[in-house]
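Only one structure is covered here, and it is reproduced in the block below.
Rule-based calculations on the coordinates, nothing more; no lab input. Model, not experiment: these values are computed from the prediction. Cβ: placed from backbone, ideal geometry, glycine included. Neighbour counts: every protein chain shown.
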Amino acid sequence: MNIKFLNRKIKPTDPCWCQSGLPYNECHMAIEKRLRDLARIGVETPTREMVKTREQIEGIRKSAEINIAILDYVAKNIREGISTWEIDRWVNEVTRDMGGIPAPLNYEGFPKSVCTSVNDQVCHGIPARNVILKAGDIINVDCSTIRDGYFSDSSRMFVIGETTPEKQRLVDVARECVYKGLEQVKPWNSIGDMDHAIKTHVRANGFSVVRDIGGHGCGLEFHEDPYVSYILRKGTGMVFIPGMCFTIEPMINMGTYRIYTDTTNNWTVYTDDGKPSAQWEIQVLVTATGAEVITY
Ligand code: MF3
Ligand code: CO
């Protein structure tokens, strides 16, 4: 698919395009040969734009420092009786105190600094004064940060007080899914290998994976290629190579995978059957041997 993008004019002893400082033949030459061979047999392969340079990775890590600190702050302070509007205020303050900008604010018209999705809200819940957390609620706080032009993204679930064993299990399984998926992220594995691991765990627990929304490349933009589906078959989808940076964020529903979007705000996504949904999100960097967790 990307064969035409691979510049054949670069000489083996020229500096590699990835800015490693190494000659091409000691850096990406062999990787790109293998990518061309895969592309020829129909495998989806990454482009050079998807490979982050060392400098970009540093910038993304600095952005992630804020992203992680915000969710740590939320974890310490979230409790029964507070509103999601208050969470939005925290996120805004911590982000700006640390020299960042909340990426969601005004993103395609999104009105707040963070997404807060409670119970049967799947994602993109909009913080509001009248959404007061009560015991037994489960809530996803999805936080995205810009620092010096670099983007980071992660979300966690919080259980308010104690919830039912079923909802607690949904929250736990959704987290386990992220780390089952992560185990599959290494060079030359594919997105479908990750998805298979996630689906296997979800099925074993009797839950479902949302089909219509996925993860994304992240770093130089909020949402970059590749689109990261969580419903591909093993061995299908784009292969991973070192330097790719993307999110693992499958949405796990207790009942049906079917969802709909609130037509009054055009953002908030709900489960069709009104049963709860849970999601954790991390951002990862593919390394030479596996993956590094950038945000959590
Ligand atoms: N943070 C979400 C994600 O994980 C995207 C939210 S878009 C927003 O991709 F505008 F609602 F913030
Ligand atoms: Co994301």
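Every listed requirement among (1) in contact with a Cys (Cβ under 9 Å, 6 or more places away or on another chain); (2) part of a strand (DSSP E or B); (3) away from ligand 2 (no atom under 16 Å from the Cβ) is met by Val284 save one, (3). Across the stretch 186-232, the qualifying residues are those that are among the polar types (S, T, N, Q) and either over 23 Å from Asn253 (Cα atoms) or touching a residue at least 40 places away in the same chain (Cβ under 8 Å) (or both), and the one among them that is nearest to ligand 1 (Cβ to nearest atom) is Ser208. Examine the stretch 103-118 for a residue that is closer than 30 Å to Ala204 by Cβ and either over 19 Å from the mean Cα position of the chain (by Cα) or not hydroxyl-bearing (Ser, Thr, Tyr) (or both), and state whether such a residue exists. Yes - at least one qualifying residue is present in the stretch 103-118.
Taking the numbered list (1) at negative phi; (2) touching a helix residue (DSSP H, G or I) at 6+ places or on another chain (Cβ under 8 Å) in turn, Ala204 passes all entries but (2).
A Cβ distance below 7 Å, combined with a sequence gap of six or more or placement on separate chains, defines the contacts here; from the stretch 272-295, residues that are free of Cβ contacts under 8 Å to residues at least 24 places away in the same chain reach residues that are within 16 Å of ligand 1 (Cβ to nearest atom) in the pairs Asp272/Ile259; Glu292/Val284.
Mind checking whether some residue in the stretch 233-245 is touching a residue at least 12 places away in the same chain (Cβ under 8 Å) and within 13 Å of ligand 1 (Cβ to nearest atom)? No: the stretch 233-245 contains no residue that is touching a residue at least 12 places away in the same chain (Cβ under 8 Å) and within 13 Å of ligand 1 (Cβ to nearest atom).
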